[in-house]
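A.B. asks: The structure is given below, and queries will be raised subsequently.
The values are calculated or read from the model by the stated rules, or taken from the named source; none is laboratory data. Note that the structure is a prediction, hence the values are computed from the model and not measured. No Cβ is skipped: glycine too gets one built from the backbone with ideal geometry, and neighbour counts run over all protein chains shown. These area figures cover heavy atoms from the full protein model, side chains too; ligands, DNA and RNA do not enter into them. Shrake-Rupley method; radii C 1.70, N 1.55, O 1.52, S 1.80 Å.
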Amino acid sequence: MNTIFRKSMLSVAGLAFAGGVFAGPIAAHANPVDAKPVAVAVQSAAPKPQGEQSHITLNDEQSANVKAIIAATKKAGLPERAAVISIATSLQESKLENLGHLGDKNDHDSLGLFQQRPSSGWGTPEQITDPAYSTTAFLKGLKQVDGWQDMPLTDAAQTVQVSAYPDAYAQWEQQATDLVGQYWNS
């Protein structure tokens with residue numbers, strides 16, 4: 001078996017050498033005037049969204065909240081990826097609506113864009129329902145996650161939020177990415 005493998009590898013190496021010898025002289029006589037530039041595909045550094053993607057149409061309030069999240073991210077000196085994670089998290093938690101107390105429909109005492117809880121130390125109800133404050137609080141938690149920049153969005157968001165539905169954030173990554181692309185430079 002070892003002999004067969006070794007002979008196969010030598011055959012492949014021989015073909016590669018022979019191909020180089022024959023192609024070399026042909027390539028050397030090619031007319032450089034006929035040469036055309038070759039397009040090179042460049043992959044984006046941003047990860048591709050995981051799984052099926054959801055999308056909602058935003059109203060003026062939700063768009064204003066997107067802009068507030070982006071402004072807070074810029075003020076914190078963080079890159080666009082942090083804004084994408086923040087917006088996707090808010091899409092999952094509140095559909096980008098600054099929610100007050102919803103009574104029995106609410107998860108404990110969760111409030112605001114990120115459904116943060118005063119009883120868990122996120123801030124007072126007034127602070128948590130301020131989009132700039134709640135985003136800054138979320139980003140502070142995100143910065144404490146080692147490697148958040150390179151991990152899947154849903155893992156980064158879940159590490160900060162500790163949700164009962166840890167994979168739910170992933171479905172909003174494409175819309176969050178599109179929104180950051182639309183508003184980051186405006």
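A.B. asks: What number of residues within segment 117-132 satisfy the criterion of being assigned to a helix (DSSP H, G or I) and touching a residue at least 12 places away in the same chain (Cβ under 8 Å)?
C.D. replies: Summing the residues that are assigned to a helix (DSSP H, G or I) and touching a residue at least 12 places away in the same chain (Cβ under 8 Å) in segment 117-132 gives 4.
A.B. asks: Now for a different question. Any chance you could count how many residues in segment 165-186 are in contact (Cβ under 8 Å) with a residue 24 or more places away in the chain, open to solvent by less than 90 Å² (accessible area, probe 1.4 Å) and assigned to a loop (DSSP other than H, G, I, E, B)?
C.D. replies: 1
A.B. asks: Across segment 143-161, what is the number of residues that are open to solvent by 80 Å² or more (accessible area, probe 1.4 Å) and assigned to a loop (DSSP other than H, G, I, E, B)?
C.D. replies: Number of matching residues: 4.
A.B. asks: Could you check segment 121-136 and list, in sequence order, the residues that are within 26 Å of the chain's Cα centre (by Cα) and of a type in the set (S, T, N, Q)?
C.D. replies: Those that are within 26 Å of the chain's Cα centre (by Cα) and of a type in the set (S, T, N, Q): 129, 134, 135, 136.
A.B. asks: Could you tell me whether any residue of segment 82-90 is touching a residue at least 12 places away in the same chain (Cβ under 8 Å) and open to solvent by 50 Å² or more (accessible area, probe 1.4 Å)?
C.D. replies: No, segment 82-90 contains no residue that is touching a residue at least 12 places away in the same chain (Cβ under 8 Å) and open to solvent by 50 Å² or more (accessible area, probe 1.4 Å).
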